[in-house]
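Here the structure is laid out as structure tokens; the discussion comes afterwards.
The values are calculated or read from the model by the stated rules, or taken from the named source; none is laboratory data. No experiment lies behind these values; they were computed from the predicted model shown. Side chains are part of the model used for accessible areas, which takes the heavy atoms of the whole protein and leaves out ligands, DNA and RNA. Shrake-Rupley method; radii C 1.70, N 1.55, O 1.52, S 1.80 Å.
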Amino acid sequence: MKQLKSILMAFMLCYASLSFAGQVNINKADASTLSAELNGVGDKKAQAIIDYRTQHGPFKSISELEKVKGISSKTIEKNRHNLSL
């Protein structure tokens, strides 16, 4: 029983330490949300996403983010599970 409690406690500590990013709609999110929720996207890249969206209209696909200066396919793949349109 003691061993089970130890395993359960270890699991809970590991689970609590994980950082879960929320779903981000790239056509609606503001720059602060983009930089806070996406890995590898700071303030400058977040603003570039907003600027691109303003100039070209809403994104038609997640892959279209590659057209934004500073956003690579690697950045998109790291965040794909959090991105939505």
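Quick notes on this structure:
- Backbone HN-Hα couplings from phi across the stretch 39-49 [Karplus 6.51/-1.76/1.60, Hz, Gly and Pro as x]: 5, x, 10, x, 4, 5, 5, 4, 5, 5, 5
- With all protein chains modelled, accessible area of residue 76 [1.4 Å, Å²]: 10
- For residue 70, no residue whose modelled amide H falls within less than 5 Å of its own remains once neighbours fewer than 5 places apart on the same chain are excluded.
- Measuring only protein heavy atoms, the 1.4 Å probe finds residue 51 accessible over about 70 Å².
- Set of aspartates and glutamates near residue 60 by C-alpha distance (under 16 Å), chain-local residues within fewer than 8 positions excluded: 51
- Tensor-based shape of the stretch 33-81 (alpha-carbon gyration tensor, a/c under 1.5 rounded, otherwise prolate or oblate): oblate
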